[in-house]
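Take a look at the structure set out below.
The values are calculated or read from the model by the stated rules, or taken from the named source; none is laboratory data. Since the structure is predicted, the reported quantities are computational estimates derived from the model, not experimental observations. Glycine also receives a Cβ, built like all others from the backbone with ideal geometry; neighbour counts cover every protein chain displayed. In case anyone asks, the SASA skips ligands and DNA or RNA and just uses the protein heavy atoms, side chains included. Shrake-Rupley method; radii C 1.70, N 1.55, O 1.52, S 1.80 Å.
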Amino acid sequence: MSPASLEGGTAAQGTVTLSGAAPAGGTAVTLTSSHTAASVPASVTVAAGATSATFTITTGTVSSDADTTITATAGGVARTATLRVVAPAGAGPLASLTPAHDDIVGGDNSTATLTLAAPAPAGGVRVTLSSDDADLIVP
């Protein structure tokens, strides 16, 4: 793959190479990605007489770096390559924290909405809340 590491939201090129020329009719190569951060076509065909074919890998925006394994399978033989999808500089999982009210009367409860910069990964995201105001108690 070229490049082996790239910022989410951009594309990379992958190449599958056979050990010999593809037969008449070509050779279909099945492609899979281990992570939703990178998408590949379901398959690519190496044309008859050729030894390789290229395909495009598209990446989504990520809030933290994601290593993705791209697998190519043909004739019962599988080969893998790793692509690192990198979060943009300064990216973090938290996009905003918005209180439901601008003013809260002492002793009252309120809520807030926390918005992530990207979808939470499997297993979720742990967020720690704190306040520098001793009168404000956070969970």
query: What percent do you get for the relative contact order of the chain when only Cα pairs under 8 Å and 6+ apart count?
result: 21
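About its Cα centre, what dipole magnitude does region 1-116 give when the only charges are +1 on Lys and Arg Cβ and -1 on Asp and Glu Cβ, stated in debye to the nearest 20?
That gives a dipole near 740 debye.
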query: Whose amide H sits under 5 Å from the amide H of Arg84, counting only residues 5 or more places off or on another chain, with H placed in the peptide plane?
result: Ser5, Leu6, Thr68
field: Relative packing of 27-39, 76-88, 127-139, which averages over residues the other C-beta atoms within 10 Å, highest first
entry: 27-39, 76-88, 127-139
Accessible area per residue, Å², the chain with all protein chains present, probe 1.4 Å: 64
